[in-house]
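The values are calculated or read from the model by the stated rules, or taken from the named source; none is laboratory data. Computed from a predicted structure; not experimentally measured. With ideal geometry, Cβ positions are generated from the backbone for all residues, glycine too; neighbour counts draw on all protein chains shown. The accessibility values were calculated without ligands, DNA or RNA, using every heavy atom of the protein model including side chains. Shrake-Rupley method; radii C 1.70, N 1.55, O 1.52, S 1.80 Å.
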Amino acid sequence: LRRGEPGERAVSMLTDAGRYDYLPLIDRPKIEWPGGASLAFWAAPNIEFYELDPPDGQGRPLWPRPYPDILNYSLRDYGNRAGVWRMMEALERFNVRASVSLNAAMCDHIPDIVQECVRLGWELFSHGIYNTRLISGLSEDEVRTVIGDSIATIRRHSGQDVAGFLAPAISATETFLDLLPELGIRYTVDMMPDDQPVPLKVRSGRLIAVPYSTEINDIRVMGMRGYSPDEWAAMVKACFDQLYREGKDNGTVMCMPLHPFVVGHPHRIAALHDVLDHVTSRDGVWLATAREIADWYYERHYEDALRFCDVVPGGAR
Amino acid sequence: MTDDRLTYRHRRRGLDHNWFEYEAIFGRAPLAWPGGRPVALWISVAVEFFPLDAPALPFRPLGGLDRGYPDFWSYSNRDYGNRIGIYRIMRVLDGLGLRATAAVNAAAVRRFPRLITEIVRRDWEIAAHGLDMGHVHHGALAAVDERAMIEETRDTLTQATGLAVKGWYSPGRGESIDTLRLLCENGFEYAADWANDDLPYMMKAGAGTICAMPLTHELADRVLLVHHNRTVEDYERQVLEAFHVLETEAERYGGRVLSLSLSPWVIGYPHRIVALERILASIMKSDAVWPATGIAIADTYKGQTGRQIARNTQA
C-alpha cells in the first residue's frame, strides 16, 4: 500500500464503505417502538481486558510507553477493580439494563464481573477477546476464529447466545462485517451513520447497524478530549432531549457508551447518576437492550427500510 | 546555509508575496449593506465526502479519517452529517427563513443527489468545495492536475444543479501558488480559503482578480468544537460575542461580515443542534443583520469599492 504519498491511492483500497444506502432523515419509513415510545435508550458499558504484554506488529502500538506500561495498564484495570462496581450500582438504581460490549477473555480472567452482569439481566455481546488484540490485518479465517472463540466463550460462561458485535479497540478489516451473519451475529455497532437502525449490505444473510456513539462516548469525551463530568452530562442530556423530541415523529435510538475505567471514578459517577435520572424520568422512553432493539426492528421495520433505500446507493458495492 | 539564513529577500515595507497589499481593517472604505444593516450574516454549510482511502500526505484536512484503514468509525461519523445532520440544519434555517451557501464536494454530488435537490430547492447558493476531502490542493500539485481538479469539480456541480457556481472553498483550506489564478481562469469570483480578514478584499489571480471572502476559521464548528474540544455553550457564547463586536464596530467603520462555518457532521449532532437554533434566533431578533449568501456579499462589496479594488490590485 502506498498510503501517505501525495496524491497516491492504492487501487486495492476502498473509497466508500459501501455498506448501506443513502436514506436521508427526511422521507424515511416511520419506526414505532413498543408501547408507542419515542426513543429507545440503551446503555453500552465496555467491559474490557487489556494485556500487560500484548503481541507487537498489530499496526499500531497498544500502549504509549514501553513494556511494562504499568501506569496505563493500571488505569484500565481500575475499571475492573473499582469502576465497574460503581457503574453497576448506578445502572441498577435506575433500573437500566445494559448491553455489555465484552472482551471475552474477561470470562477467563475475572468471571465475577461477568456473573454479576448475568445476575443483573444484562445482555452480553462480543467485543472480541482482548482489547489489545486488533482484528486489523487478520485474514478472514483468522477473524472467524477470533469472533467464534469470543462467542463460544461468552456462551459457555453466561448461557447467552451472542447477537451483537463491536470490533475490539475499533479495529477493522474490509470484510469483517461479511463474516458476522455466518457466525450468528445479527447486529453490529461498528457503523454509526444514523440515529435509527440501518440495514447493512453483507455477502450473505442479514445484518443491521444498531446506533452506537463516538460523540457522547465517555472515553472520547472525558478520557481523550478532556471535558469535565458536568460537560459530559450536559452533552448526553442534550442528545437525549433532541432525539426524544424527534422520536415523537419517527422513533429514534440513543446509545450511551460507557467505560468503567472512565465513568466509574468517584469524581465522575455523579454525572452518570445525573444522566440516568434525566433519562428515566421521562415517559415514552423504551429502556431496552441492543438485542431487543434489533429484534423489534427486524420483525417490524427491516423490510420497510429496504423498500425505501435508493436504487443508487451511497457508494455501491 | 548560513548565508541563506541571514539573507532576507523580502525585507521591506509590505508583504512577502504579491497576491494583495497590506490593508488595516479600520482604514477600509466603509461598506453599506442593503437596508443599512450593519452586519451581513453569511452561513456556510459544508457538504463533504471523506474517502476511506484518503492519503495522509501532504496533510489531512481537519476531520480527515485518522484511525487507520479502514476507518469505518470516522467514515460513518462524517457520513452521518449528510444523512442526518444537514437536515437538522435545514430545519433550523427554514424555521428562520434563512438561506445558506453550501460548499459542496463533487463526490457528494454523485453520492447524494437527493441532498443536492433539497439544497437547490431551498435556493441556497452552491459553491465548489473540490473533488472530495481526500483531494487537497497543495504546493506540490502540478498546475495541469490542479486545473483538471477544479474543472471537474465545477462541471460536476453545474451539470447536477444547472446553476452557475461562483464560489470556491478548497478542501481543508489548502492552496497551491496557482490555485487563485486557476480559479479566476475558470470563472470563479470568490475564494474562501484565506483566514486573514473580517471583510472581503480583492486578490490578484494571474491576469485577473478574485474576491477573498472572510470565512471564519477560528469560529468554525469543527475547529472550536472538534479541534479545540470546547462545549457547545462555549461555541454559542463566542459566536454571539463576535456578533456583538462586529455590530458595534459597524457604527464607526461601516458594514461587517459575520460568517458561520457549519459542518453537518459537527453541529448536526443531536447534542449540538439546539445551540445553532439559539444562536440564530438570538441574532435574528435584532434588526442588525443582512442575511446573505457568499456571492451576494462579494457582489455587493465589489459594487461599492471599485476605486479601492483598482488601488489594491496595482502591481
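Just to be sure I understand, how many residues within segment A:213-226 are more than 7 Å from chain B (Cβ to nearest Cβ) and open to solvent by less than 20 Å² (accessible area, probe 1.4 Å)?
Adding up the residues that qualify gives 5.
Being in a loop (DSSP other than H, G, I, E, B), of a type outside the set (Gly, Ala, Ser) and either in contact with a helix residue (DSSP H, G or I) (Cβ under 8 Å, 6 or more places away or on another chain) or at pLDDT below 95 (or both) is the filter here, so list the residues in segment A:171-195 that pass it.
Start the filter on segment A:171-195 by keeping residues that are in a loop (DSSP other than H, G, I, E, B), which leaves A:171-175, A:180, A:184-186, A:189-195.
Narrowing the set further to residues that are of a type outside the set (Gly, Ala, Ser) leaves A:173-175, A:180, A:185-186, A:189-195.
Residues satisfying the conditions are A:THR173, A:THR175, A:LEU180, A:ILE185, A:ARG186, A:VAL189, A:ASP190, A:MET191, A:MET192, A:PRO193, A:ASP194, A:ASP195.
Regarding A:ALA238, is this residue more than 10 Å from chain B (Cβ to nearest Cβ), without any contact (Cβ under 8 Å) to a residue 60 or more places away in the chain and under 23 Å from B:VAL266 (Cβ atoms)?
Values: more than 10 Å from chain B (Cβ to nearest Cβ): no; without any contact (Cβ under 8 Å) to a residue 60 or more places away in the chain: yes; under 23 Å from B:VAL266 (Cβ atoms): yes.
No, not satisfied.
Scan segment B:156-170 residue by residue and report those that are among the small types (Gly, Ala, Ser) and assigned to a helix (DSSP H, G or I).
Correct list: B:ALA160 only.
Any chance segment B:246-266 includes a residue that's among the basic types (Lys, Arg), under 24 Å from B:ARG173 (Cα atoms), open to solvent by less than 50 Å² (accessible area, probe 1.4 Å) and more than 14 Å from chain A (Cβ to nearest Cβ)? Steps first, please.
First pass over segment B:246-266, keeping only residues among the basic types (Lys, Arg): B:252, B:256.
Restricting the remaining residues to those that are under 24 Å from B:ARG173 (Cα atoms) gives B:256.
Restricting the remaining residues to those that are open to solvent by less than 50 Å² (accessible area, probe 1.4 Å) gives B:256.
Cutting the leftovers down to more than 14 Å from chain A (Cβ to nearest Cβ) gives us B:256.
For segment B:246-266, residues among the basic types (Lys, Arg), under 24 Å from B:ARG173 (Cα atoms), open to solvent by less than 50 Å² (accessible area, probe 1.4 Å) and more than 14 Å from chain A (Cβ to nearest Cβ): present.
Please specify each residue of segment B:17-45 satisfying the condition of being outside any loop (DSSP other than H, G, I, E, B) and open to solvent by less than 20 Å² (accessible area, probe 1.4 Å).
Answer for segment B:17-45, where residues must be outside any loop (DSSP other than H, G, I, E, B) and open to solvent by less than 20 Å² (accessible area, probe 1.4 Å): B:VAL39, B:ALA40, B:LEU41, B:TRP42, B:ILE43, B:SER44, B:VAL45.
For the subset of segment B:142-154 comprising residues that are touching a residue at least 12 places away in the same chain (Cβ under 8 Å) and open to solvent by 40 Å² or more (accessible area, probe 1.4 Å), which member is farthest from B:CYS184 (Cα to Cα)?
The extreme case among them is B:GLU152.
Kindly provide the set of residues from segment A:183-197 that are more than 9 Å from every other protein chain (Cβ to nearest Cβ), buried (at least 20 other Cβ atoms within 10 Å of the Cβ) and either over 21 Å from A:PRO257 (Cα atoms) or among the aliphatic types (A, V, I, L, M) (or both), ordered by number.
Hits for segment A:183-197 are A:ILE185, A:VAL189.
Does A:PRO45 satisfy the criteria of being modelled with pLDDT of 95 or more, more than 14 Å from chain B (Cβ to nearest Cβ) and open to solvent by less than 60 Å² (accessible area, probe 1.4 Å)?
Details: modelled with pLDDT of 95 or more: yes; more than 14 Å from chain B (Cβ to nearest Cβ): yes; open to solvent by less than 60 Å² (accessible area, probe 1.4 Å): yes.
Here the answer is yes, as A:PRO45 does meet what is asked.
In segment A:241-260, what residues are hydrophobic (A, V, I, L, M, F, W, C) and within 9 Å of chain B (Cβ to nearest Cβ)?
Correct list: A:LEU243, A:MET254.
Taking segment B:183-195, which residues are more than 15 Å from B:ALA212 (Cβ to Cβ) and open to solvent by less than 30 Å² (accessible area, probe 1.4 Å)? Outline the logic, then answer.
We begin by selecting, within segment B:183-195, every residue more than 15 Å from B:ALA212 (Cβ to Cβ); these are B:185-187.
Within segment B:183-195, B:ASN186 is the sole residue that qualifies.
When you check B:GLU48 against the structure, is it more than 12 Å from every other protein chain (Cβ to nearest Cβ), exposed (fewer than 15 other Cβ atoms within 10 Å of the Cβ) and either at pLDDT 95 or above or over 29 Å from B:GLU125 (Cβ atoms) (or both), yes or no?
No; evaluated as a whole, the condition is false for this residue.
Take the residues in segment B:57-84 that are aliphatic (A, V, I, L, M) and part of a loop (DSSP other than H, G, I, E, B), then tell me which one is farthest from the other protein chains (Cβ to nearest Cβ). Spell out the reasoning first.
Quick first cut of segment B:57-84, residues aliphatic (A, V, I, L, M) only: B:57, B:62, B:65, B:84.
Restricting the remaining residues to those that are part of a loop (DSSP other than H, G, I, E, B) gives B:57, B:62, B:65.
Working: B:LEU57: 5, B:LEU62: 14, B:LEU65: 11 Å.
Looking at the filtered set, the residue picked out is B:LEU62.
Being within 14 Å of another protein chain (Cβ to nearest Cβ), closer than 19 Å to B:MET213 by Cα and open to solvent by 20 Å² or more (accessible area, probe 1.4 Å) narrows it down to one of B:GLY139, B:GLY172, so name that one.
B:GLY172
Can you tell me which condition A:HIS273 does not meet? The list is (1) within 12 Å of chain B (Cβ to nearest Cβ); (2) over 19 Å from A:THR214 (Cβ atoms); (3) outside any loop (DSSP other than H, G, I, E, B), and all the others hold.
In the conditions (1) within 12 Å of chain B (Cβ to nearest Cβ); (2) over 19 Å from A:THR214 (Cβ atoms); (3) outside any loop (DSSP other than H, G, I, E, B), A:HIS273 misses (1) alone.
Can you find a residue that is buried (at least 23 other Cβ atoms within 10 Å of the Cβ), within 23 Å of the chain's Cα centre (by Cα), hydrophobic (A, V, I, L, M, F, W, C) and within 30 Å of B:MET284 (Cβ to Cβ) anywhere in segment B:52-62?
no
Applying the selection to segment B:83-111, what residues are open to solvent by less than 10 Å² (accessible area, probe 1.4 Å) and closer than 12 Å to B:ASP132 by Cβ?
Selection gives B:VAL104, B:ASN105, B:ALA106, B:ALA107, B:ALA108.
Please state which one of A:TYR50, A:TYR20 is assigned to a loop (DSSP other than H, G, I, E, B), under 22 Å from the mean Cα position of the chain (by Cα) and closer than 30 Å to B:MET90 by Cα.
A:TYR20
Among what's in segment B:179-235 and is hydrophobic (A, V, I, L, M, F, W, C) and part of a strand (DSSP E or B), pick the residue that is farthest from the other protein chains (Cβ to nearest Cβ).
Looking only at segment B:179-235, we keep the residues that are hydrophobic (A, V, I, L, M, F, W, C), and these are B:180, B:182-184, B:188, B:191-192, B:194-195, B:199, B:202-203, B:205, B:207, B:210-213, B:215, B:219-220, B:223-226, B:232.
Then keep just the ones that are part of a strand (DSSP E or B); that gives B:191, B:202-203, B:205, B:210-212.
Working: B:ALA191: 21, B:MET202: 31, B:MET203: 25, B:ALA205: 23, B:ILE210: 25, B:CYS211: 29, B:ALA212: 26 Å.
So, considering only residues that are hydrophobic (A, V, I, L, M, F, W, C) and part of a strand (DSSP E or B), the one farthest from the other protein chains (Cβ to nearest Cβ) is B:MET202.
Take B:VAL232 and decide whether it is open to solvent by 10 Å² or more (accessible area, probe 1.4 Å), of a type in the set (A, V, I, L, M, F, W, C) and without any contact (Cβ under 8 Å) to a residue 40 or more places away in the chain.
Against the criterion (open to solvent by 10 Å² or more (accessible area, probe 1.4 Å), of a type in the set (A, V, I, L, M, F, W, C) and without any contact (Cβ under 8 Å) to a residue 40 or more places away in the chain), B:VAL232 does not qualify.
Within segment B:199-214, count every residue that is open to solvent by 10 Å² or more (accessible area, probe 1.4 Å) and out of contact with any strand residue (DSSP E or B) (no Cβ under 6 Å at 6 or more places or on another chain).
Total meeting the criteria: 4.
Evaluate segment B:279-298: report whether one residue or more is surrounded by fewer than 19 Cβ atoms within 10 Å (Cβ to Cβ), within 14 Å of chain A (Cβ to nearest Cβ) and touching a residue at least 12 places away in the same chain (Cβ under 8 Å).
No, because not a single residue in segment B:279-298 is surrounded by fewer than 19 Cβ atoms within 10 Å (Cβ to Cβ), within 14 Å of chain A (Cβ to nearest Cβ) and touching a residue at least 12 places away in the same chain (Cβ under 8 Å).
Hey, A:GLY137 hits all of (1) out of contact with any Asp or Glu (no Cβ under 7 Å at 6 or more places or on another chain); (2) within 30 Å of A:TRP286 (Cβ to Cβ); (3) surrounded by fewer than 23 Cβ atoms within 10 Å (Cβ to Cβ) but one; which does it fall short on?
(2)
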